[in-house]
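Everything on this sheet refers to the single structure shown next.
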Amino acid sequence: MSCVDTPAPDEYVPGSEAHYLEVSQTELSFGSEGETKNINVASSQNWLFTDYAPWLSFSRDNGEGNSEISIVAEENLSADVVRTSVFYLKTIDAGWEFTKSMSADQEAAEPYILFTPESINASGNSAQYRVNVKSNAKWSVRCDADWLSLVPAENQSYIDISLSENLTNYA
């Protein structure tokens with residue numbers, strides 16, 4: 001038997017502090033063009049955002065107490081990739097540790113492909129051309145004609161085109 005009164009687990013004890021960590025939104029969705037979302041953090045402790053993707057930035061990634069935080073997703077230039085990030089909001093005070101899982105996703109960009117030059121005027125003689133390619137998506141090229149060869153660069157920045165001489169006298 002003890003001489004000290006121990007309060008029941010749910011009984012309020014004067015001088016004790018309730019610990020909490022809340023965030024207004026745990027799932028964020030961003031458009032491909034990049035944008036800013038504002039959330040609110042409420043905490044009785046010091047807190048910290050951790051493990052977020054490099055395409056996300058925070059007006060502040062740590063703090064104390066209550067704060068409005070702006071989260072910025074930079075523009076997603078890729079048409080091939082919907083980006084996702086799982087990250088955490090954690091308390092960082094000794095004695096009470098708590099973690100909230102959060103996530104962000106971002107749409108892929110609209111695909112585009114640009115050629116320079118846009119067209120080639122061939123004379124009928126053998127010729128070689130290089131067409132520069134700019135695209136935000138993976139692409140491929142093929143040709144079944146025996147008088148035309150298309151060879152894309154490994155990095156997809158250009159296509160080398162070879163034309164054989166037109167021996168049929170057709171223009």
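The values are calculated or read from the model by the stated rules, or taken from the named source; none is laboratory data. Source: prediction; values computed, not measured. Here the Cβ positions follow ideal geometry from the backbone for every residue, glycine too, while neighbour counts run over all protein chains shown. Ligands, DNA and RNA are stripped out before the accessible areas are found, and what is left, the full protein with its side chains, is counted by its heavy atoms. Shrake-Rupley method; radii C 1.70, N 1.55, O 1.52, S 1.80 Å.
Below are the figures for this structure:
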read-out	value
Check on ALA53, under 24 Å from GLY31 (Cα atoms), out of contact with any helix residue (DSSP H, G or I) (no Cβ under 6 Å at 6 or more places or on another chain), at pLDDT below 95 and open to solvent by less than 30 Å² (accessible area, probe 1.4 Å)	no
Top-ranked residue in segment 49-69 [being over 21 Å from the mean Cα position of the chain (by Cα) and assigned to a strand (DSSP E or B); ranked as farthest from ALA104 (Cα to Cα)]	GLU64
Single residue of segment 16-45 satisfying the filter (open to solvent by 80 Å² or more (accessible area, probe 1.4 Å), in a loop (DSSP other than H, G, I, E, B) and under 24 Å from GLY95 (Cα atoms)) that is modelled with the lowest pLDDT	GLU17
Among the candidates ALA73, ALA79, residue that is open to solvent by less than 50 Å² (accessible area, probe 1.4 Å), closer than 30 Å to TYR112 by Cβ and at pLDDT below 95	ALA79
Odd one out for PRO152 among (1) touching a Gly at 6+ places or on another chain (Cβ under 8 Å); (2) modelled with pLDDT of 90 or more	(1)
Selection status of VAL141, at pLDDT below 95, surrounded by 11 or more Cβ atoms within 10 Å (Cβ to Cβ) and farther than 30 Å from ALA53 by Cβ	yes
Matching residues, segment 127-164, being more than 28 Å from ALA79 (Cβ to Cβ) and either in contact with a strand residue (DSSP E or B) (Cβ under 9 Å, 6 or more places away or on another chain) or among the aromatic types (Phe, Trp, Tyr) (or both)	ALA127, GLN128, TRP147, SER162, LEU163, SER164
Some residue of segment 149-159 being open to solvent by 60 Å² or more (accessible area, probe 1.4 Å) and in contact with a Leu (Cβ under 8 Å, 6 or more places away or on another chain)	no
Residue match in segment 123-138 (condition: surrounded by fewer than 11 Cβ atoms within 10 Å (Cβ to Cβ), in a strand (DSSP E or B) and at pLDDT 90 or above)	yes
Residue in segment 88-109 that is more than 30 Å from ASP51 (Cα to Cα) and free of Cβ contacts under 8 Å to residues at least 40 places away in the same chain present	no
Looking only at segment 107-122, and only at residues there that are of a type in the set (Gly, Ala, Ser) and either closer than 24 Å to SER78 by Cβ or modelled with pLDDT under 90 (or both), the one that is surrounded by the most Cβ atoms within 10 Å (Cβ to Cβ)	ALA109
Any chance GLU97 is out of contact with any Gly (no Cβ under 9 Å at 6 or more places or on another chain), closer than 30 Å to LEU21 by Cβ, assigned to a loop (DSSP other than H, G, I, E, B) and not aliphatic (A, V, I, L, M)	yes
Near pairs, Cβ below 9 angstrom, 6+ apart or cross-chain, from segment 48-71 (basic (Lys, Arg)) to any residue that is assigned to a strand (DSSP E or B) and at pLDDT 95 or above	ARG60/PHE49; ARG60/SER67; ARG60/ILE69; ARG60/SER70
